[in-house]
1. Going by the conditions given, is A150 in contact with an Asp or Glu (Cβ under 9 Å, 6 or more places away or on another chain), of a type in the set (G, A, S), outside the structural domain of L248 (by TED's automatic domain parsing) and within 30 Å of V42 (Cβ to Cβ)?
2. I need the full set of residues from region 54-77 which are part of a helix (DSSP H, G or I) and small (G, A, S), in order please.
3. Any idea how many residues of region 10-35 are over 14 Å from L62 (Cβ atoms) and surrounded by 12 or more Cβ atoms within 10 Å (Cβ to Cβ)?
4. Within the group E57, E85, which residue is surrounded by 12 or more Cβ atoms within 10 Å (Cβ to Cβ) and more than 25 Å from L111 (Cβ to Cβ)?
5. Please go through (1) modelled with pLDDT under 95; (2) surrounded by fewer than 17 Cβ atoms within 10 Å (Cβ to Cβ) for E209 and return the number of the only condition it doesn't satisfy.
6. Cβ contacts < 7 Å: first residue free of Cβ contacts under 8 Å to residues at least 40 places away in the same chain, restricted to region 136-147; second residue in a helix (DSSP H, G or I), any location; separation 6+ or different chain. Result?
7. So for region 229-246 (the condition being surrounded by fewer than 16 Cβ atoms within 10 Å (Cβ to Cβ) and in contact (Cβ under 8 Å) with a residue 24 or more places away in the chain), does at least one residue qualify?
8. If V66 meets every condition in (1) of a type outside the set (S, T, Y); (2) more than 24 Å from R213 (Cα to Cα); (3) assigned by TED's automatic domain parsing to the domain that holds R13; (4) free of Cβ contacts under 8 Å to residues at least 40 places away in the same chain apart from one, which number is that one?
Amino acid sequence: MSNFDRLIEVMARLRGEGGCPWDREQTHETLKAYLLEETYEVLQAIDLGDDRELKEELGDVLLQVVFHAQIAREEGRFDVEGVAEAIVSKLIRRHPHVFGDVKVAGATEVLANWEKLKRAERGGAEASVLDGVPAHLPALLRARRVQEKAARVGFDWSREEEITLKIHEEVQEFLEAHRRGDREGMEDELGDMLFSIVNLARFLRICPEESLRKTVEKFGARFRHIERELARQGKEPQTATLAEMDALWEEAKRKGPGIGDRGSEKG
């Protein structure tokens, strides 16, 4: 018996009579948060470059897939074999340049063909190219995915400079709304500004979600340095002066690699 078959068997036992009370209580809804959490732990393991951790975290994600499939099996809807069959069928169908006689010039054309095939499967000409982007994605990631899909059908900027000009335009519109004291306008223009920045990141093949996440981590490391140093002095951030904290912030910048401008990170 393969380890995958054993995993399916173990999951069935955990959910069966005499199994684990916690596992038996779970539903698709209650497991949603765990699937998301395990996915982010995979991303963290990738960032760390730790193969042992990555293997373990991928196992946790696989467990979530098998868990959901077992619940569906008990309800007579589908099972893990159906899940595997569906993805195998999709991979073959969406790769006619590998499993058929379609010719492609490169990865860009592969993605364009993928979108055409997906639209045909979901309703043809009436289906939107934006279908399939999950509404629950973090906003930065969702913005990038929407832009990518539009770009695949030719709705895209032609030059990087065009996007930077658009960013400057959106910044000015935000500042104008701020000058007027127009809070609703500021919110709208801030969204436009962020969307334009995501567009530039996408154009430069930088993941905005990853970029911001790394900056948040960098900020956290520096601020913890401030807290540690203040604690050594018998102080707390609430009682320290801004000048004292700024001095420690600059010290953290000097000690850490890849340090950016404080003004863009200080919250």
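1. Working: in contact with an Asp or Glu (Cβ under 9 Å, 6 or more places away or on another chain): yes; of a type in the set (G, A, S): yes; outside the structural domain of L248 (by TED's automatic domain parsing): yes; within 30 Å of V42 (Cβ to Cβ): yes.
Spelling it out, A150 is indeed in contact with an Asp or Glu (Cβ under 9 Å, 6 or more places away or on another chain), of a type in the set (G, A, S), outside the structural domain of L248 (by TED's automatic domain parsing) and within 30 Å of V42 (Cβ to Cβ).
2. Step one: list which residues in region 54-77 are part of a helix (DSSP H, G or I), which gives 54-74.
Passing the criteria: G59, A69, A72.
3. The initial filter retains those residues of region 10-35 that are over 14 Å from L62 (Cβ atoms), namely 12-30, 32-33.
Still in the list and also surrounded by 12 or more Cβ atoms within 10 Å (Cβ to Cβ): 12-16, 19-20, 23-24, 26, 28, 32.
Matching residues across region 10-35 total 12.
4. On the way: E85 fails: more than 25 Å from L111 (Cβ to Cβ).
Only one candidate passes the filter, namely E57.
5. The one condition E209 does not meet is (2).
6. L137/R145
7. Of the residues in region 229-246, the ones surrounded by fewer than 16 Cβ atoms within 10 Å (Cβ to Cβ) are 231-239, 241-243, 246.
Imposing the further condition that a residue be in contact (Cβ under 8 Å) with a residue 24 or more places away in the chain reduces the set to none.
No, region 229-246 contains no residue that is surrounded by fewer than 16 Cβ atoms within 10 Å (Cβ to Cβ) and in contact (Cβ under 8 Å) with a residue 24 or more places away in the chain.
8. The one condition V66 does not meet is (4).
The values are calculated or read from the model by the stated rules, or taken from the named source; none is laboratory data. Given the structure is predicted, the values throughout are model-derived calculations rather than measurements. Neighbour counts run over all protein chains shown; Cβ positions are idealised from the backbone, glycine included.
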